[in-house]
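Visitor: Mind having a look at this structure? Questions to follow.
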């Protein structure tokens, strides 16, 4: 599926990245406050440029398994959304989702809108069976967000990732297609 362009009723849009989005992504991925709970340390301009080059190339892969998308509000890129389809178990129809927003846009419901759009992309557009996300155990805002959207906390992966020289656990949440569909009927 290329290109992806999906918008909600509030005007939050997910679209393909372009090379012109470097400064906007740097404002997200270069901010220590934003990356505090992510799986990597703040990135510099060269790292962000390499990331965007990689995701724009991956967007045209066949079959497409990587959906890294710009989160756009009022014409401005304010975040990075990602849906990565599991390729280790072909036919399993599962994907991991994740997102990060510029700190100046926190607390406005835009994270919830972003994850709703990722769920819609995964279930409605791609026909996936299961979507899941992993969060830092300390990221209680992300826990509330995923729970509010019907994602069930499955458990903790101990010593899952190494960030800032330390091993960190991750907490996994997931939702199945039939659970998502049921929540949209009510």
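Visitor: Output the residues belonging to the range 53-97 that are over 16 Å from residue 15 (Cα atoms) and in contact with a helix residue (DSSP H, G or I) (Cβ under 6 Å, 6 or more places away or on another chain).
Guide: The one that is over 16 Å from residue 15 (Cα atoms) and in contact with a helix residue (DSSP H, G or I) (Cβ under 6 Å, 6 or more places away or on another chain): 95.
Visitor: Are there any pairs, at least 6 apart or on different chains, whose C-beta atoms fall under 7 Å, with the first in the range 132-157 and touching a residue at least 60 places away in the same chain (Cβ under 8 Å) and the second assigned to a helix (DSSP H, G or I), and if so, which?
Guide: 135/142; 135/143
Visitor: Given the condition at pLDDT 95 or above, under 14 Å from residue 111 (Cα atoms) and not in a helix (DSSP H, G or I), answer yes or no: does some residue in the range 13-21 qualify?
Guide: Within the range 13-21, the subset at pLDDT 95 or above is 13-17, 21.
From what's left, under 14 Å from residue 111 (Cα atoms): 13-14.
If we keep only those that are not in a helix (DSSP H, G or I) as well, we get 13-14.
Taking every residue of the range 13-21 in turn, at least one turns out to be at pLDDT 95 or above, under 14 Å from residue 111 (Cα atoms) and not in a helix (DSSP H, G or I).
Visitor: Inside the range 99-130, can you point out the residues that are under 11 Å from the mean Cα position of the chain (by Cα) and either more than 22 Å from residue 29 (Cβ to Cβ) or exposed (fewer than 14 other Cβ atoms within 10 Å of the Cβ) (or both)?
Guide: If the condition is that a residue be under 11 Å from the mean Cα position of the chain (by Cα) and either more than 22 Å from residue 29 (Cβ to Cβ) or exposed (fewer than 14 other Cβ atoms within 10 Å of the Cβ) (or both), then 116, 119 are the ones that fit.
Visitor: Would you call residue 107 outside any strand (DSSP E or B), free of Cβ contacts under 8 Å to residues at least 60 places away in the same chain and at positive phi? If you could, list the steps in order and put the result at the bottom.
Guide: Values: outside any strand (DSSP E or B): yes; free of Cβ contacts under 8 Å to residues at least 60 places away in the same chain: yes; at positive phi: yes.
When the stated conditions are applied, residue 107 passes them.
Visitor: Next up: Across the range 138-179, which residue is modelled with the lowest pLDDT among those that are assigned to a loop (DSSP other than H, G, I, E, B) and surrounded by 15 or more Cβ atoms within 10 Å (Cβ to Cβ)? Lay out the reasoning, then the answer.
Guide: Just the residues of the range 138-179 that are assigned to a loop (DSSP other than H, G, I, E, B), to begin with: 138-139, 149-151, 164-165.
So of that shortlist, the ones also surrounded by 15 or more Cβ atoms within 10 Å (Cβ to Cβ) come out as 139, 149-151.
Numbers: 139: 91, 149: 95, 150: 94, 151: 96.
Here the answer is 139.
Visitor: Condition first: in contact (Cβ under 8 Å) with a residue 60 or more places away in the chain and in contact with a strand residue (DSSP E or B) (Cβ under 9 Å, 6 or more places away or on another chain). Can you find one or more residues in the range 171-186 that meet it? Spell out how you get there, then give the answer.
Guide: Of all residues in the range 171-186, those in contact (Cβ under 8 Å) with a residue 60 or more places away in the chain come to 180.
Those left that are additionally in contact with a strand residue (DSSP E or B) (Cβ under 9 Å, 6 or more places away or on another chain): 180.
Yes.
Visitor: Something else now. Specify which of the listed residues (64, 10) is at pLDDT below 95, surrounded by 14 or more Cβ atoms within 10 Å (Cβ to Cβ), assigned to a loop (DSSP other than H, G, I, E, B) and over 14 Å from the mean Cα position of the chain (by Cα). Break it down stepwise before answering.
Guide: On the way: 10 fails: surrounded by 14 or more Cβ atoms within 10 Å (Cβ to Cβ).
Just one listed residue meets the conditions, 64.
Visitor: Shifting gears a bit: Taking the range 110-137 only, how many residues are in contact with a strand residue (DSSP E or B) (Cβ under 8 Å, 6 or more places away or on another chain) and not in a helix (DSSP H, G or I)?
Guide: Start the filter on the range 110-137 by keeping residues that are in contact with a strand residue (DSSP E or B) (Cβ under 8 Å, 6 or more places away or on another chain), which leaves 110-111, 114-115, 117-123, 125-126, 128-137.
With not in a helix (DSSP H, G or I) added as a condition, the list becomes 126, 128-137.
Number of matching residues: 11.
Visitor: Continuing with the same structure: List the number of the failed condition for residue 70; all other conditions in (1) without any contact (Cβ under 8 Å) to a residue 60 or more places away in the chain; (2) part of a helix (DSSP H, G or I) hold.
Guide: Single failed check for residue 70: (2).
Visitor: Which condition from (1) under 12 Å from the mean Cα position of the chain (by Cα); (2) modelled with pLDDT of 95 or more is the one that residue 77 breaks?
Guide: For residue 77, the failing item is (1).
Visitor: Now, a different point. Could you check residue 83 against (1) within 20 Å of residue 52 (Cα to Cα); (2) assigned to a loop (DSSP other than H, G, I, E, B) and say which number it fails?
Guide: Only one criterion is unmet by residue 83, namely (2).
Visitor: If we keep just the residues of the range 37-60 that are without any contact (Cβ under 8 Å) to a residue 40 or more places away in the chain and part of a loop (DSSP other than H, G, I, E, B), which is surrounded by the fewest Cβ atoms within 10 Å (Cβ to Cβ)?
Guide: Filtering the range 37-60 for residues without any contact (Cβ under 8 Å) to a residue 40 or more places away in the chain gives 42-55, 57-58.
Keeping just the survivors that are part of a loop (DSSP other than H, G, I, E, B) gives 42-44.
Working: 42: 17, 43: 19, 44: 11.
Result: 44.
Visitor: Right, another one. Being on the phi > 0 side of the Ramachandran plot and surrounded by 13 or more Cβ atoms within 10 Å (Cβ to Cβ) is the filter here; which residues of the range 80-98 pass it?
Guide: Of the residues in the range 80-98, the ones on the phi > 0 side of the Ramachandran plot are 91, 93.
Scanning the range 80-98 gives a single hit, 93.
The values are calculated or read from the model by the stated rules, or taken from the named source; none is laboratory data. Computed from a predicted structure; not experimentally measured. Every residue, glycine as well, gets a Cβ built from its backbone with ideal geometry; the counts of neighbours run over all protein chains shown.
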